[in-house]
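Asker: Here you go, one structure.
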Amino acid sequence: MRTPGDLRPLAPVVRGAGVKLIVQVTNLDEARQAVDAGADVIVAQGTEAGGHSGKAGRSTMSFVPVVADLAAPTPVLAAGGIADGRGIAAALALGAAGALIGTRFLATPESLADSSVQEAILDSNGEQTERSSVLDIVRDTGWPREYLARTVRHPVIDQGRGREDELAADRAARPAYQRAVDRGELPPVPVWASQAIDLITDIRPAADLVGDLVREAESALARVNRGQ
Ligand SMILES: Cc1cc2nc3c(=O)[nH]c(=O)nc-3n(C[C@H](O)[C@H](O)[C@H](O)COP(=O)(O)O)c2cc1C
């Protein structure tokens, strides 16, 4: 059986399909593995990220430069908590070749996210997000427990916080969660979202968003150059 997080069996499959091997890493061991596997691009992901992130609890600010040094000359992208051009400029200053942005693109018309997810992102702030394994346990997703998922606050997380082992052993917990979703008592899906959601204030077409991100990054870099 494949060890979770072990990329060795997957790397040849990706290469065999003739596509670039892009590996997202959350700690130094994973970063070294990605270099050893000859990754074309390495994504250094901090725990500010929406969705699943690493057991080591690394934050983007301190993790990206370490991975950039370790992986050079392989290009490294910064991920986690970047939702505007200032974040991209910061990623470049940290030694990244660019940024991988997730949550910001949920707030676009092109996103397949449920409208309830988009509304929750627009209405919430970073302090209303939390990393937890509770929703993976009750949804039976199979994610290894050490990879926590950052979501907007959720009543089931409030009930299960600190009781993860008990929940995992409770066979009634999963059907009970599903029944509550079916009855409309719980949101249809967890809102996986970044700590940077404070910066997400509108739904904007993805092409406009990309243009705005580039302009904002250029202006942030120019401002820093001018020393203002
Ligand atoms: C809705 C959503 C689903 C995600 N699913 C996964 C996933 O299945 N596996 C994974 O490694 N990362 C996942 N991520 C994390 C992204 O790959 C990326 O690292 C993250 O979105 C970057 O941080 P940001 O959300 O602050 O931009 C997900 C992120 C979001 C927002």
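What follows draws every value from the coordinates through simple rules; no lab data is involved. Keep in mind that what you see is a predicted model, and the values were worked out from it rather than measured. Neighbour counts are summed over all protein chains in view; Cβ atoms, including those assigned to glycine, are modelled from backbone coordinates with ideal geometry.
Asker: Rounded to the nearest 20 Debye, what is the dipole magnitude of the chain about its Cα centre when Lys and Arg each give +1 and Asp and Glu each give -1 at the C-beta?
Answerer: Details: 24 positive and 30 negative charges, 88 e Å.
Rounded to the nearest 20 debye, it is 420 debye.
Asker: Distances longer than 13 Å among the Cα atoms of region 134-200: what percent of all pairs is that?
Answerer: Every Cα pair in region 134-200 considered, those over 13 Å come to 66 percent.
Asker: Could you work out Rg/(2.2 N^0.38 Å) for region 11-67, with Rg from alpha carbons only?
Answerer: Compactness ratio reported: 1.16.
Asker: What is the Cα radius of gyration of the chain over 2.2 N^0.38 Å, N being its residue count?
Answerer: Compared with the compact-globule rule of thumb, the chain sits at 1.08.
Asker: For region 56-112, what is Rg from Cα atoms divided by 2.2 N^0.38 Å, rounded to two decimals?
Answerer: Normalised Rg, Cα atoms only: 1.19.
Asker: Show me, for region 44-55, the HN-Hα J-couplings you get by feeding each phi into the Karplus relation (A = 6.51, B = -1.76, C = 1.60, θ = phi - 60°), rounded to Hz, glycine and proline as x.
Answerer: Taking θ as phi minus 60°, the curve returns 8, 9, x, 6, 5, 4, x, x, 7, 8, x, 5 Hz for region 44-55.
Asker: Moving on. Evaluate the relative contact order of region 115-196 (contact order divided by residue number), counting alpha-carbon pairs under 8 angstrom at least 6 apart; express in whole percent.
Answerer: 42 percent
Asker: Compute the distance from the alpha-carbon center of region 55-107 to that of region 140-178, in whole Å.
Answerer: 29 Å
Asker: Please arrange Arg204, Arg104, Arg15 by how many other C-beta atoms lie within 10 Å of their C-beta, fewest to most.
Answerer: Numbers: Arg204 17, Arg104 24, Arg15 14.
The most exposed by this proxy come first: Arg15, Arg204, Arg104.
Asker: Could you calculate the FRET efficiency of Glu127 with Met61 from 1/(1 + (r/R0)^6), where r is the beta carbon distance between them and R0 is 22 Å, rounded to 0.05?
Answerer: 0.80
Asker: For region 117-190, what is the charge dipole size about the Cα centre, in debye to the nearest 20, if Lys and Arg each add +1 at the Cβ and Asp and Glu each add -1 at the Cβ? Before the final figure, lay out each step's value.
Answerer: Details: 11 positive and 14 negative charges, 32 e Å.
It works out to roughly 160 debye.
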